[in-house]
Amino acid sequence: MTKFGIGQPVKRYEDPRLLTGKGRFINDVNLAGQAQAVVVRSPHAHARIVSIDTSSARAAPGVLAVYTGEDVATDGLGTMAPTVQRKRPDGGPMFARSHPGLALGWVRYVGDPFALVVAETLMQAKDAAELIEVSYDDLPSVTDTAQAARGETAVWEECPDNISNVFEAGDAAATAAAFAKATHVVTRRYVISRVYAHFMEPRGVIGSYDPGDERYTLYADVQYPHRVRNALANRIFKIPENKIRVIAGDVGGGFGTKGWQYPEHRLMLWAARKLGRPVKWSCERSEAILADEHARDNISEAELALDADNRILGLRVRTLANVGAYVSSDRNLLATFTNVSTLVGVYDIPAAHVHVSCVMSNSNGTAPYRGAGRPEAIYVIERLLDDAARELGIDCLALRRRNIIPADAMPYRNAFGRTYDCGQFGENMDRVLGLADHDGFAARQQDARARGKLRGLGFANAIERAASPGLEFAEIRFNPSGGATILMGSKNQGQGHETIFRQIAAERLGIDPSDIQYIDGDTDRVAFGIGTNGSRSTVIGGSALWQAAGKIIEKGK
């Protein structure tokens, strides 16, 4: 048992299945009688839809249905909405518009879905989609973040300045006072470009409907099966949660981008109910960047105040965060406030203030992706320290050492009110420099130059919270032969959950790992779950499993 316990180097249980083509990804799932769907998307960044003629598409061979935004509106499907409440710059309520599933009247970014074609085969659906005739009134568009913030071209008439909302954190007055007494003020503008995940497995959906039970089943490659179910039930279809089942099998990468429900989820369920048969949509690689959420796309004006001894007195940051054409949920805003906890990094900065303007543009919405705002924050503070060192003519590592939070200051409360419970940041920095042979870098750089090569050195101190907060679910069931089934609310998407949680259960209960069955991703079989995000599954989910095993041990005494 000790060879498979916690912390032991073991071979992953899921790998033989995945490496030999026996995984069950969304495109491996096919239901009897399923139809195939194609989503028709806008080629324009901003346009009014004057007319849509679907008659030729409806008459095409194999076509079962062609739906537009009017059909969605007629059937009364609901929409999502953010729960976070913020203000606009004038103090008025936040401006947010949720995507209706299929755009109605206007399209607001390239890729905006406005029609759905369902046919017997995928090729028939594709051929029919090309027969849809759309008349557009092309409108001015804006995709650049800084340009959108100037309000010269409105994404929505109701929000002419394109500022959906603003967010502030820190002490503005204390920060202003720190800058007033500073000997040096360093100011820089940093642009963090828009990025896209491009996971190995593009998204896919199968929707089915059982008229006898009046119940939907969604097969999808999602990170949060239970939260997707709840959103679809409560907001879109307005039915009890037990009327929707979500099943997520193997997921070929998520990175945050597969974390939430997309228009295709509701559309496949809705179409399945209307047609009385399962409907499948598979996103193609060339379509994915148009269909999925993007991330980052920030511009930050950052200022650092220092005294005569090069100690940091204050940090001030104003950020423009591009949220795209729609603000459909809290996901579209998450990266604009999760950066607060790490914006000051590992440095003793007495005063700090950040102001974020969420800017709408004719672009895909932005959402969490690999760090969800925290990498952007670290990028700003670390770049600013490098630039400050250059401007002051001092070594960038010396500037960091002068301002790094000492280990004996723990627990340390930073300028945004977040507490670091522990940390040996200076020791870690020196250890990394030693491992990288920093002292020998100059010689390596000279050698590279002699060979006509360029060699550079980059350095950053990053800090992350141990896991995102909240609950997680774990259940252990025993079968008559003594084996166990563990059911987890988190969702594996390549992290090795099947191995990790087996290790925890095996060590805690003394069961051979081959006698443990692992289940996740099915909202009917797993009672509750938050899902996988923010480096939380092992910490929170593993702790839940450990506690569940502890309850079993107590019952057995």
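The values are calculated or read from the model by the stated rules, or taken from the named source; none is laboratory data. Just so it is clear, the structure is predicted and the values come from calculations on it, not from any experiment. A quick note on method: Cβ atoms are made from the backbone with ideal geometry, for glycine too, and the neighbour counts reach across all protein chains shown.
Reported count of residues in the range 131-161, each being within 30 Å of residue 67 (Cβ to Cβ) and either assigned to a strand (DSSP E or B) or touching a residue at least 40 places away in the same chain (Cβ under 8 Å) (or both), is 17. Residues that are loosely packed, with under 11 Cβ neighbours inside 10 Å and either in contact with a His (Cβ under 9 Å, 6 or more places away or on another chain) or assigned to a helix (DSSP H, G or I) (or both): does the range 467-490 have at least one? For the range 467-490, residues loosely packed, with under 11 Cβ neighbours inside 10 Å and either in contact with a His (Cβ under 9 Å, 6 or more places away or on another chain) or assigned to a helix (DSSP H, G or I) (or both): absent. Screening residue 457 with (1) assigned by TED's automatic domain parsing to the domain that holds residue 173; (2) loosely packed, with under 14 Cβ neighbours inside 10 Å; (3) hydrophobic (A, V, I, L, M, F, W, C); (4) closer than 30 Å to residue 535 by Cβ gives one miss only, at (1).
Annotation: of all residues in the range 36-53 being outside any strand (DSSP E or B) and of a type outside the set (S, T, N, Q), the one that is farthest from residue 157 (Cα to Cα) is 43. Based on what the data block shows, is residue 426 in contact (Cβ under 8 Å) with a residue 24 or more places away in the chain and within 30 Å of residue 143 (Cβ to Cβ)? No: the conditions fail for residue 426. In this structure, residue 377 does not qualify as surrounded by fewer than 20 Cβ atoms within 10 Å (Cβ to Cβ), outside any loop (DSSP other than H, G, I, E, B) and small (Gly, Ala, Ser).
Table: residues versus (1) under 18 Å from residue 349 (Cα atoms); (2) of a type in the set (Lys, Arg); (3) assigned to a loop (DSSP other than H, G, I, E, B); (4) more than 32 Å from the chain's Cα centre (by Cα).
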site	(1), (2), (3), (4)
390	no, yes, no, yes
394	no, no, yes, yes
400	yes, yes, no, no
408	yes, no, no, yes
415	yes, no, yes, no
426	yes, no, no, no
434	no, no, no, yes
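Being in the same structural domain as residue 206 (by TED's automatic domain parsing), crowded, with 19+ Cβ neighbours inside 10 Å and at pLDDT below 95 narrows it down to one of 82, 113, so name that one. Exactly one residue qualifies, and that residue is 82.
Considering the range 162-200 alone, what residues qualify as being assigned to a loop (DSSP other than H, G, I, E, B), within 26 Å of residue 255 (Cβ to Cβ) and touching a Lys or Arg at 6+ places or on another chain (Cβ under 9 Å)?
Across the range 162-200, the qualifying residues are 197, 198, 199.
In the set (1) in contact with a Leu (Cβ under 9 Å, 6 or more places away or on another chain); (2) under 22 Å from residue 337 (Cβ atoms), residue 417 fails one condition alone, (1). If you take the residues in the range 334-356 that are surrounded by 24 or more Cβ atoms within 10 Å (Cβ to Cβ) and of a type in the set (S, T, N, Q), which one is modelled with the highest pLDDT? The selected residue is 342.
Contact map, the range 283-295: residues that are farther than 15 Å from residue 259 by Cα paired with residues that are among the β-branched types (Val, Ile, Thr) and modelled with pLDDT of 95 or more, Cβ distance under 9 Å, separation 6+ or inter-chain. Pairs shown: 283/39; 283/205; 287/39; 290/110.
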